[in-house]
Amino acid sequence: MKFEVLSSNHSEIFETLVSELREFNFSHMGTEKSKPLSAIAKDENGNIIGGVSGRTIYNQFLIEVLWVSDSFRGQGLGRDLMALAEGEAKLRGCLAAQVDTLSFQAPDFYQKLGFEVVGKIDGIPDSPERYFLVKRYR
């Protein structure tokens, strides 16, 4: 057995690990594959001014990133993008959405949308609190 620590990107190693984990998951959950899900907004020039992106798998919408341009914040764009993305997730059969966010990012935003804090990591020096949130669809 040989161990290594790598400090650069190795896509082939990452893909091998993901593939092997998928096989393990399939043995427990079935062979559902994740499907990308993004909702974006563009300005009149075609520039992206906001978006939410993640994936759906096993009846869940896993939100990986949500961003709104500074000049469009506070106008409901994030809320509208989330509604669009969650609508599609529900059409795909999702029963819940989950996200993690840092204390200076958007925990309050997600809670206003009906997400519930289910976990929090704090007390790490020089690191913001990290929140884990879930929203169950009824």
Around I121, what is the net charge, scoring Lys/Arg as +1 and Asp/Glu as -1 over all other residues with Cβ under 12 Å from its Cβ?
-1
For the stretch 58-138: relative contact order, % (alpha-carbon pairs under 8 angstrom, 6 or more apart):
32 percent
What are the GluC sites (Glu not before Pro) within the stretch 11-57 that DSSP puts in a loop, where the Cβ has at most 15 other Cβ atoms within 10 Å?
E32, E44
Placing unit charges on C-beta atoms (Lys and Arg positive, Asp and Glu negative, everything else neutral), compute the dipole magnitude of the stretch 86-138 about its Cα centre in debye, rounded to 20.
380 debye
Full-extension gain in nm, S19 to F104, via 0.36 nm per residue minus C-alpha separation
27.2 nm
Which shape class applies to the chain: rounded if a/c is under 1.5, otherwise prolate when a/b exceeds b/c and oblate if not, where a ≥ b ≥ c are the square roots of the Cα gyration tensor eigenvalues?
prolate
Which value in nm describes the separation of the simple spin-label points at S8 and E129, placed 7 Å from the Cα toward the beta carbon?
4.1 nm
Non-local residues with an amide H under 5 Å from the amide H of G50, with H modelled 1.01 Å from N and Pro and chain starts lacking one, are A41, S69
Indicate the gyration tensor shape class of the stretch 5-73 (rounded, prolate or oblate), computed on the Cα atoms with a ≥ b ≥ c the square roots of the eigenvalues: a/c under 1.5 is rounded; otherwise a/b larger than b/c is prolate and the rest oblate.
oblate
Over the Cα atoms of the stretch 1-40, how large are the radius of gyration and the largest Cα-Cα distance (Dmax), in Å?
14.4, 46
Given an 8 Å cut-off on Cα distances and at least 6 residues of separation, report the relative contact order of the chain as a percent.
17 percent
Quickly estimate the mean residue ellipticity at 222 nm for the chain, helices only: each DSSP H run with n ≥ 4 gives -39500 (n - 2.57), and the total goes over all residues, rounded to 500.
-9000 deg cm²/dmol
Beyond 15 Å, the calculated P(r) of the stretch 17-56 holds a percent of Cα-Cα pairs equal to 59 percent
Please report the net charge: other residues with Cβ closer than 15 Å to the Cβ of L17, K and R +1, D and E -1.
-4
What nm distance separates the two modelled labels at L95 and E64, each placed 7 Å from Cα along Cα→Cβ?
2.5 nm
Taking loop as defined by DSSP and a crowding limit of 15 other beta carbons within 10 Å, which trypsin sites (Lys or Arg not before Pro) in the stretch 9-99 fit?
K33, R73, R92
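Any read-out appearing in this document is the output of simple, stated calculations on the displayed coordinates, not a laboratory observation. The structure presented is a predicted model; accordingly, all values stated were derived computationally and were not measured. Reconstructed Cβ throughout: ideal geometry from the backbone, glycine too, with neighbour counts over all protein chains shown.
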